[in-house]
Amino acid sequence: MAFIKINKEKFFHNLSQFTLKTGSKESIAIVLKDNAYGHGLELMAKLSQEFGLTQAVVRTYDEAQIIKPYFEHILVLGDKAIIDDSCSFTLNSLEDIEKAEKGSKVELKVDTGMHRNGIAIDEIEEAVKCIKEKKLRLVGLMTHNRSADELSSELFWQQKNFKKAVGSVTLNKNIRIHSFNSATSLRLPCNQQDIIRLGLGAYGYSELPTIYNTLELKPVLSLWAKKVATRQLKKGQRVGYGGTFIAPRDMTVSTYDLGYGDGWMRSNSFEPFVTAEGLPLLGRVSMDYVILESTKDEVCIFNDALSAGKQLGTISYEIITQLHGDIKRVII
Ligand SMILES: *Cc1c(COP(=O)(O)O)cnc(C)c1O
């Protein structure tokens, strides 16, 4: 089966770069949602711990339970708040406050302009009151930026709104305030932040315009496929479903064990995807196979999700998160 290589040195390099910006490892909360952006949840949790990180962010409580042994504290973004001393839960709405278990640790998300999740700024006072009444333990105030990775001033008015929101309520001193994802952390100084919620950047990518490439990031993941069979094609013979590739000359091709069933995009593009080693995929991607003009036992499909995403008309996030959890991940 296809497999994934996780380059530990590059992961540590990226984390070191962000540590230089934040000033400490404790202020980096590594985002491990969606199977650690396709890299492997538990494996990346272990590596994060080895590097010295103490904080993580996930989507579900199930994910939090898998990685609990590796962190001091985990923020859960999208699950009901329950009592668990090692976790805090995001409150995305007033209804979330209603649903939360009495005594649970919570962080209030403020909607500062993205209008996806969070409590409106003029509802904060009410929310804080409800939190007190329900005897929840408020440990954080947070927001998320809608355009941090775009060349515009949007980030700045959102940050301003957040400041206003934070200022509008009297908060306990030990409540942490956070709003930085990777893109924001690349654009703004981070040394004043309680924590940054670091996702994509840790895995080695930035979707920002290149003028914001303030750190040197290295892609951690590469996707590999193994040879299944080799055959000779005569000029004019066609390959794969629909026979869309026609051999322009006699050639030697091999089938490799990766397909859309593994989370590799079939894609409708008329331009064939070109692998990291410069080989175009011949014909259509099958559920479990692709065909290349190669006889190598193992081929690297991609080692940079940013450029792979550009080829396939999507973003790096989608390329990596859709890689199936059952593909073997090996640390190199
Ligand atoms: C996914 C997510 C992040 C991480 O974003 P990156 O762009 O990958 O750094 C941070 N905060 C929240 C709320 C998220 O959902």
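Read the figures in this text as sums done on the coordinates, not as results from a lab. Keep in mind that what you see is a predicted model, and the values were worked out from it rather than measured. We place every Cβ from the backbone using ideal geometry, glycine too, and count neighbours over all the protein chains shown.
As a length-normalised measure over Cα pairs under 8 Å and 6 or more apart, the relative contact order of the chain settles at 19 percent. In order along the stretch 168-183, the Karplus-derived 3J(HN,Hα) couplings, from 6.51 cos²θ - 1.76 cosθ + 1.60 at θ = phi - 60°, round to 7, 10, 8, 10, 3, 5, 8, 7, 8, 10, 8, 8, 9, 9, 4, 4 Hz, and Gly and Pro are given as x.
Evaluated over the Cα positions of the chain, the convex hull gives a direction-averaged projected area, one quarter of its surface, of 17.7 nm². Indicate the gyration tensor shape class of the stretch 122-244 (rounded, prolate or oblate), computed on the Cα atoms with a ≥ b ≥ c the square roots of the eigenvalues: a/c under 1.5 is rounded; otherwise a/b larger than b/c is prolate and the rest oblate. Judged from the Cα gyration tensor, the stretch 122-244 comes out prolate (a/c at least 1.5, a/b above b/c). Relative to the longest principal axis of the Cα atoms of the chain, the long axis of helix 154-167 makes an angle of roughly 30 degrees.
For a protection proxy built on the mean count of beta-carbon atoms within 10 angstrom, sort 52-61, 97-106 highest first, please.
On the way: 52-61: 20.3, 97-106: 17.0.
My ranking of the peptides, most packed first, is 52-61, 97-106.
Taking 56 Å as R0, compute the FRET efficiency from the Cβ-Cβ separation of residue 3 and residue 129 and round it to 0.05.
Plugging the Cβ-Cβ distance into 1/(1 + (r/R0)^6) gives 0.60.
Which entries of 80/129; 5/296; 105/132; 10/80 have Cα-Cα distances beyond 23 Å here? Too far apart for the 23 Å limit: 10/80.
For the chain, a Gaussian network of Cα nodes joined below 10 Å ranks 195, 82, 66 by mean-square fluctuation, and the top entry is 66. Restricting the calculation to Cα atoms, the stretch 7-203 shows an Rg/Rh of 0.95 when the hydrodynamic-style radius is the Kirkwood one. Using Cα atoms only, what is the angle between the long axis of helix 41-51 and the major principal axis of the chain, expressed in degrees (0 to 90) to the nearest 10? Approximately 70 degrees, to the nearest ten. Relative to the longest principal axis of the Cα atoms of the chain, the long axis of helix 8-22 makes an angle of roughly 30 degrees. Taking amide hydrogens as placed 1.01 Å from N in the peptide plane, the amide H of residue 88 sits under 5 Å from those of 74, 75, 76, each at least 5 positions away in sequence or on another chain.
Relative contact order of the stretch 221-331, taken over Cα pairs closer than 8 Å and 6 or more residues apart, is 29 percent.
When the charge dipole of the chain is built from unit charges on Cβ atoms (+1 for Lys and Arg, -1 for Asp and Glu) and taken about the Cα centre, the candidate among 201, 93, 108 whose Cα reaches farthest toward its positive end is 201. Mean residue ellipticity at 222 nm, helices only, the chain: -7500 deg cm²/dmol; runs of at least 4 DSSP H residues each add -39,500 (n - 2.57), and the sum is divided by the number of residues. How many angstrom lie between the C-alpha centres of the stretch 187-265 and the stretch 8-55? Spelled out, the Cα-based centre of one part sits 22 Å from the other. Sorted into 10 angstrom bins from 0, the C-alpha pair distances of the stretch 1-86 split as 17, 50, 27, 5, 0 percent. Computed from backbone phi with θ = phi - 60° and the Karplus coefficients 6.51, -1.76 and 1.60, the 3J(HN,Hα) list for the stretch 242-253 is x, x, 6, 9, 10, 4, x, 6, 4, 8, 10, 10 Hz; x is used for glycine and proline. Summed over all non-identical Cα pairs, the Kirkwood treatment of the stretch 193-332 gives a radius of 16.4 Å. Apply the a/c threshold of 1.5 to the C-alpha gyration tensor of the stretch 291-332 and tell me whether it is rounded, prolate or oblate. The shape class here is oblate. Computed from phi, the 3J(HN,Hα) profile of the stretch 137-149 under the Karplus parametrisation 6.51, -1.76, 1.60 (θ = phi - 60°) reads 9, 7, 10, x, 10, 9, 8, 10, 8, 8, 9, 4, 9 Hz, with x in place of Gly and Pro.
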